[in-house]
Amino acid sequence: VSRGPIREAMPQLEQEGLIESTPYKVVIITRMTRRYVEELYSVRTALEELAIERAIDRLTEDDLDYFDEIIEQMRLAARQEDKVRMVELDLHFHEHLLQIADHHLALRMWHLVEVGVRRCLHIRHEIYTFLDEVVGSHPTLVTALAEHDLEKTRAILHEHIAESVSHILESLPPDEEE
């Protein structure tokens, strides 16, 4: 691989928080810190809450069926112990909610934090003894969306994300003092 494509990829990787550049061209792969996870998931929560508020009245039966299809694919990936596929489906579920919300800036912001969420999900999915636990509250979230119950959906989302953050933080060492 020539240096050109690598050089071109560096700013994107830095923007996504995967690397840090220092003077004299030293590049460091970023550590996953507790602070980073907490900040990332606070942004994720805000984006998904906005998505729920906007999507709840836009949802169609086709959207609900599609969520159910994603959940079934998640269950299949769990039975096959396919952690990589599980991460992709989990992300796709939440991105689809943002797509339904029809908020272009929120979707662009989701794509910015998605890389960090992907890193976190890979950590989270390693924690579970049984991968079908990852399916978790996704079906309950879809049921609340189908009922067009904003407060119930919001509460389920918060619980869903809080559980994820909790599991990820349990697996990380304390942050070093800066």
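The values are calculated or read from the model by the stated rules, or taken from the named source; none is laboratory data. Just so we're clear, the structure is a prediction, and the values are computed from it rather than from any experiment. Note: ideal-geometry Cβ built from the backbone for every residue, glycine included; neighbour counts use all protein chains shown. Surface areas here come from the heavy atoms of the whole protein model, side chains and all, with no ligands, DNA or RNA. Shrake-Rupley method; radii C 1.70, N 1.55, O 1.52, S 1.80 Å.
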If we scan the stretch 93-103, do we find a residue that is open to solvent by 40 Å² or more (accessible area, probe 1.4 Å), over 23 Å from GLU163 (Cβ atoms), modelled with pLDDT of 95 or more and not charged (D, E, K, R)?
-> yes
Only residues in the stretch 109-125 that are farther than 18 Å from ARG34 by Cβ count as the first member; pair them with residues that are among the polar types (S, T, N, Q) and crowded, with 16+ Cβ neighbours inside 10 Å, Cβ under 9 angstrom, at least 6 apart or cross-chain, and list the lot.
-> none
Given the conditions (1) open to solvent by 70 Å² or more (accessible area, probe 1.4 Å); (2) free of Cβ contacts under 8 Å to residues at least 12 places away in the same chain; (3) of a type in the set (A, V, I, L, M, F, W, C), every one holds for ALA162 apart from (1)
Would you please name the residue that is surrounded by the most Cβ atoms within 10 Å (Cβ to Cβ), looking only at residues in the stretch 57-92 that are within 20 Å of ILE161 (Cβ to Cβ) and acidic (Asp, Glu)?
-> ASP90
Check on ARG54, more than 15 Å from HIS138 (Cα to Cα) and open to solvent by 10 Å² or more (accessible area, probe 1.4 Å) | yes
